[in-house]
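Contents: one structure, followed by commentary.
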Amino acid sequence: MKTVVWLECVDGQPTRHAREAYALAVAAAEDAAHDVVAVQVASDGWIVEAAADALAQYMVESGAACLLLPSTVDGNDVAGRVAVRLSAGVVTQVVSMNADRSFEKLVFGDTIKTSVTAAGSVVVATVRAGVVAAFDGDIDVQTVVGASARVALVSAQPRTKSARPAVESAAIVVAAGRGVGDDQGFAQVTELADVLGAAVSGSRPATDAGWIEPAQQVGQTGKTISPDLYVAVGISGAIQHVAGMRSSRTIVAINTDAEAPIFDIADYGIVGDAGTVVPALIDAVRGRK
Ligand SMILES: Cc1cc2nc3c(=O)[nH]c(=O)nc-3n(C[C@H](O)[C@H](O)[C@H](O)COP(=O)(O)OP(=O)(O)OC[C@H]3O[C@@H](n4cnc5c(N)ncnc54)[C@H](O)[C@@H]3O)c2cc1C
């Protein structure tokens, strides 16, 4: 059986999340002597139609039975479109792949692990971020050319890049909740993120307050992430938030309420005022540098 991994690239380099998807495919292939092929799409600007056409065509021509993609915005978009073109099923947010082409995924706020497969000769699956270590060797990549007869890129304006890492691929994420209080409290959270080299995230109230973009929110209606370290500042730990971050490897929570549910899943808890604890942490991290 051949498995194709879409190697999503930024600035010509495979993203950490894409290398994780590749590692997951390679681990399954070692169990079942499958072939794994990494494919990137070359195109003049990003056109999802064109990428989906090119990947679907590659799947047909190569006879591959499985396409894995990182569960990013573009990965999810491409996955659905390729599946429609191939009449394939899509399994989303998988955490592992089995030799029989079934997958495991976590549901109900990560409390239940399920085994899922899709009927048909081809299956498309998106891989949840942070569930395996990223493949760190050289990856032999095949390139397919994405071109669409239906859609043309007329113009593009690159977004101003943040110096901070993206929430979905960051090793460390510092997240703000309602408990940080105001813009000044949030500014302290961003300063803590900067000294740690972390991404800035938050709960829904942080989005509602305009401190973070909706794309930075973690939880049921936001991102699902598994960073090495998640620092929750002034976040109560509502189930809708926890659903997006509970599989983080180490969770640190700062909250004035010792009974806050976030402490139930935290590895380290600090009961205290964010306005005092966050500046102290910033000083401590700076002191160690
Ligand atoms: C369908 C649905 C989907 C949702 N999706 C999401 C989602 O994707 N992501 C998400 O986050 N939420 C989501 N929510 C909202 C969710 O239910 C919670 O309301 C939200 O997560 C609470 O955010 P919070 O922890 O920042 O705020 P709160 O629950 O208000 O908690 C604030 C915390 O800050 C602490 N605090 C107060 N002052 C301080 C201080 N000075 N220092 C330190 N700590 C302090 C308090 O003790 C409290 O624990 C969703 C809700 C619904 C119904």
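The values are calculated or read from the model by the stated rules, or taken from the named source; none is laboratory data. Here the structure is a predicted model, which means the values were calculated and not measured. In this analysis, Cβ positions are derived from the backbone assuming ideal geometry, glycine residues included, and neighbour counts consider all displayed protein chains.
Given the condition over 28 Å from G244 (Cβ atoms) and in contact (Cβ under 8 Å) with a residue 12 or more places away in the chain, answer yes or no: does some residue in the range 106-113 qualify?
From the range 106-113, those over 28 Å from G244 (Cβ atoms) are none; that's our starting set.
No; the residues of the range 106-113 include none that is over 28 Å from G244 (Cβ atoms) and in contact (Cβ under 8 Å) with a residue 12 or more places away in the chain.
If you scan the range 121-138, which residues turn out to be assigned to a strand (DSSP E or B) and either within 16 Å of the chain's Cα centre (by Cα) or assigned by TED's automatic domain parsing to the domain that holds H241 (or both)?
Listed by number, the residues that qualify are A125, T126, V127.
Answer yes if at least one residue in the range 169-179 is in a helix (DSSP H, G or I) and not acidic (D, E), and no otherwise.
Of the residues in the range 169-179, the ones in a helix (DSSP H, G or I) are 178-179.
Filter once more, keeping what is not acidic (D, E): 178-179.
Looking through the range 169-179, at least one residue is in a helix (DSSP H, G or I) and not acidic (D, E).
Do we find a residue being exposed (fewer than 12 other Cβ atoms within 10 Å of the Cβ), polar (S, T, N, Q) and over 20 Å from the mean Cα position of the chain (by Cα) anywhere in the range 161-169? Working first, answer last.
Residues of the range 161-169 exposed (fewer than 12 other Cβ atoms within 10 Å of the Cβ): 161-163.
Applying the additional criterion that residues be polar (S, T, N, Q) yields 162.
Add one more test, that the residue is over 20 Å from the mean Cα position of the chain (by Cα), and what stays is none.
No, the range 161-169 contains no residue that is exposed (fewer than 12 other Cβ atoms within 10 Å of the Cβ), polar (S, T, N, Q) and over 20 Å from the mean Cα position of the chain (by Cα).
Within the range 225-272, track down each residue that is near the ligand (Cβ under 9 Å from one of its atoms), in a loop (DSSP other than H, G, I, E, B) and among the polar types (S, T, N, Q).
Selection gives S236, T256.
Can you pull out every residue in the range 164-181 that is more than 10 Å from the ligand (Cβ to nearest atom), modelled with pLDDT of 95 or more and either over 30 Å from E20 (Cβ atoms) or touching a helix residue (DSSP H, G or I) at 6+ places or on another chain (Cβ under 6 Å) (or both)? Working first, answer last.
Taking the range 164-181 as the starting set, the residues that turn out to be more than 10 Å from the ligand (Cβ to nearest atom) are 164-174.
Narrowing further to those that are modelled with pLDDT of 95 or more: 172-174.
If the condition is that a residue be more than 10 Å from the ligand (Cβ to nearest atom), modelled with pLDDT of 95 or more and either over 30 Å from E20 (Cβ atoms) or touching a helix residue (DSSP H, G or I) at 6+ places or on another chain (Cβ under 6 Å) (or both), then I172, V174 are the ones that fit.
Is one or more of the residues making up the range 41-58 surrounded by 16 or more Cβ atoms within 10 Å (Cβ to Cβ), at pLDDT 95 or above, in the same structural domain as Q93 (by TED's automatic domain parsing) and in a strand (DSSP E or B)?
no
Hey, among P158, P205, which residue is in the same structural domain as I239 (by TED's automatic domain parsing) and either polar (S, T, N, Q) or more than 21 Å from S71 (Cβ to Cβ) (or both)?
On the way: P158 fails: in the same structural domain as I239 (by TED's automatic domain parsing).
It is P205.
Residue by residue through the range 104-120, note down the ones that are buried (at least 16 other Cβ atoms within 10 Å of the Cβ) and either part of a loop (DSSP other than H, G, I, E, B) or touching a helix residue (DSSP H, G or I) at 6+ places or on another chain (Cβ under 9 Å) (or both).
Within the range 104-120, D110, A118 meet the criteria.
Can you find, within the range 195-207, the residue that is farthest from the chain's Cα centre (by Cα) among those that are assigned to a helix (DSSP H, G or I) and near the ligand (Cβ under 10 Å from one of its atoms)? Even if it seems obvious, please write down each step before you answer.
Taking the range 195-207 first, the residues assigned to a helix (DSSP H, G or I) are 195-196, 204-207.
Filter again for near the ligand (Cβ under 10 Å from one of its atoms), leaving 204-207.
Details: R204: 18, P205: 21, A206: 19, T207: 18 Å.
Applying the filter and picking the extreme gives P205.
So that you can scan it fast, the table gives a plain yes or no per residue for (1) on the phi < 0 side of the Ramachandran plot; (2) touching a residue at least 24 places away in the same chain (Cβ under 8 Å); (3) of a type in the set (D, E):
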site: D138; (1), (2), (3): yes, no, yes
site: R150; (1), (2), (3): yes, yes, no
site: S162; (1), (2), (3): yes, no, no
site: A175; (1), (2), (3): yes, yes, no
site: A187; (1), (2), (3): yes, no, no
site: A198; (1), (2), (3): yes, yes, no
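Would you please name the residue that is nearest to T250 (Cα to Cα), looking only at residues in the range 208-224 that are surrounded by fewer than 20 Cβ atoms within 10 Å (Cβ to Cβ) and within 10 Å of the ligand (Cβ to nearest atom)?
Q220
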